[in-house]
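The values are calculated or read from the model by the stated rules, or taken from the named source; none is laboratory data. Just so you know, these numbers come straight off a predicted model, no measurement behind them. Cβ coordinates were reconstructed from backbone atoms using ideal geometry, including for glycine residues, and neighbour counts include every protein chain displayed.
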Amino acid sequence: MIKPMDELITSLKKASQDLFGVDVEPELSRPDEKFGDYATNVALQLGKKLGKTPREIAEALAGEIQKTGLVAKVGVAGPGFINFTLTDGNLAKAAFSATDLPESLSGQEILVEFGDPNPFKEMHIGHLYSYIVGDAIASLLQANGADVKRLSYHGDVGLHVAKAIWALQKAKVNTDDRENIGAYYAEGAKAYEQDEQAKKEIEDINEHIYAKDDPRINELHKEGCRLSFERFDKILDLLSISNDKRYLESETIAAGQKLVEKNVGSVFKQSQGAIIFEGEKIGLHTRVFITSQGLPTYETKDLGLTELKNKDYPQASRSIIITANEQSEYFKVMLAALAEIDAALAKKTTHLSHGFLSLTSGKMNSRSGNVYVAMELLLEVKAAVHEQYPESQVRKEVTFAAVKYAFLKHRLGSDIVVDIKESIGLEGNSGPYLQYAFARAKGILNKANFQGPSLHAVEFDENERSLARKISEYPEVVAKATAELMPHHICTYLYELAQAFNSFYENNRVIGNDREAARLKLVEAYAGVLKHGLALLNIAAPEQV
């Protein structure tokens, strides 16, 4: 279905061509409601080109648009801004089809890498944040028609693995099984710091991990990875987050090292036995890619990962990587090196960073070493939900709505502080509040036994029109959130929409009113947008809370 907004843009382009013989790409914005539904500054853009005053151009364009039947009113303001008020029929068309999104990314394969907890360690709340925001970004891209592949990358080699395997060998953790693999890492990490002999043994194990020349260590490595991913998958299953492919750091070493060595002399240079990339030449900093001991660094492994992803998904038009923001400078250098090796591959690779996550209780992710385990947070929120809503039949759905929305409502990149009590409340900007808003709307429709009548002619009163206008904004918000890769735009809009509906419902009777049919249709459209928006955030919309 062609949206009125798109029809308006098409009409402006045609009018510009018919009246002035010029091609333009008009942009529409949302003015204050009292001025209309849309506005454009296209006349100001054309002023210099045509040698006419913008207001003269605006008045000519306004006259042409008035003839189309799209608008009820056109006004010219200031030096040449044009304001448009849609006819009620066209506004209704926009509102009642708000969830029919254009598939602007159809035919594009897009890779989104996020989450990335390391085996042999616990998944902490920083990883949880990355999983939730990455999943939402992937959903936005899918909603616009893209074929999205959800990927993750895990460090299965390095000292943290050697520390865990050392403890596994020593069996120093008091447990009847090995499911809590993170406890072994903690024990090995403690020994590494406090015991010189243990430190030497762990460093020796680390060499064997890379060389893969010790059957016992190889077996413990394999078993530790299996147990780790089983624990990660339990959490992802609870969150309803999927993963199309996992990449392991050990798989990237050969490809990355080969790529670096192949480009020594052009992209990289030898320095004191190491291989480096001189970032200063492009305003960055120098980083080592191969150490003087011949070992690849994270940078080299990431180059290898990029090559592996490109091999597995050669048709991908874009690759998005989401990590914590402390890796931002690192990625600038890695991508700069990649650009000198393969400019096209670097161009389609985007790094997004998220901020630091903590709770009002003081618990946080691992910046200071004070690790707050992801499952612990989920259980803490679950307990709070059960205490506050003991009779609810959808406590599970409310728990995950609280966590996801508490993360997603903040702009990606900013540090956030989560208040558990606030996150589970039915008042204020929370996931459960939006679930309640949806359930309330469904309750109205169910009470009226609404069957979705079609309205042949729509005439809104002032309050109905205001709500319809807010509903009609949804496709534009989704487009903006997708273009900017910022899910918080969806959260902000849904909260504003729920508030707009509450204001409408408090002052406008729906059931039993002589305008019941039109108002029920608005309630239906409102509920549909709420459910669709929550689904983009991977939040359930139960019909009762």
Scanning the stretch 43-68 residue by residue, those of a type in the set (Gly, Ala, Ser), at pLDDT 95 or above and out of contact with any Gly (no Cβ under 9 Å at 6 or more places or on another chain) turn out to be 60, 63
A careful count of residues in the stretch 474-504 that are assigned to a helix (DSSP H, G or I) and in contact (Cβ under 8 Å) with a residue 24 or more places away in the chain gives 21
Given (1) over 20 Å from the mean Cα position of the chain (by Cα); (2) surrounded by fewer than 19 Cβ atoms within 10 Å (Cβ to Cβ), residue 382 misses just (2)
Pairing a residue in the stretch 279-300 that is basic (Lys, Arg) with any residue that is in a strand (DSSP E or B), where Cβ atoms lie under 7 Å and the two sit 6 or more apart in sequence or on different chains, gives 287/276; 287/277
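Let's see how each residue does on (1) outside the structural domain of residue 475 (by TED's automatic domain parsing); (2) touching a residue at least 24 places away in the same chain (Cβ under 8 Å); (3) buried (at least 20 other Cβ atoms within 10 Å of the Cβ):
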position	(1), (2), (3)
17	yes, no, no
22	yes, yes, no
31	yes, yes, no
34	yes, no, no
37	yes, yes, yes
51	yes, no, no
54	yes, yes, yes
57	yes, yes, yes
80	yes, yes, yes
All-but-one check, residue 458 against (1) at pLDDT 95 or above; (2) part of a loop (DSSP other than H, G, I, E, B), failing number (1)
Residue hits (the stretch 317-340; in contact (Cβ under 8 Å) with a residue 60 or more places away in the chain, surrounded by fewer than 21 Cβ atoms within 10 Å (Cβ to Cβ) and either part of a strand (DSSP E or B) or over 18 Å from the mean Cα position of the chain (by Cα) (or both)) are 317, 318, 324, 340
Of (1) under 28 Å from residue 103 (Cβ atoms); (2) in contact (Cβ under 8 Å) with a residue 40 or more places away in the chain, residue 443 fails just (1)
Checked the stretch 198-226 for anything touching a Lys or Arg at 6+ places or on another chain (Cβ under 8 Å) and of a type in the set (A, V, I, L, M); matches are 202
Of the candidates 305, 377, the one satisfying the condition of being in contact (Cβ under 8 Å) with a residue 12 or more places away in the chain and either within 21 Å of the chain's Cα centre (by Cα) or within 30 Å of residue 431 (Cα to Cα) (or both) is 377
Restricting the stretch 99-118 to residues that are touching a strand residue (DSSP E or B) at 6+ places or on another chain (Cβ under 6 Å) and either in a loop (DSSP other than H, G, I, E, B) or of a type in the set (A, V, I, L, M, F, W, C) (or both), the one farthest from residue 309 (Cα to Cα) turns out to be 118
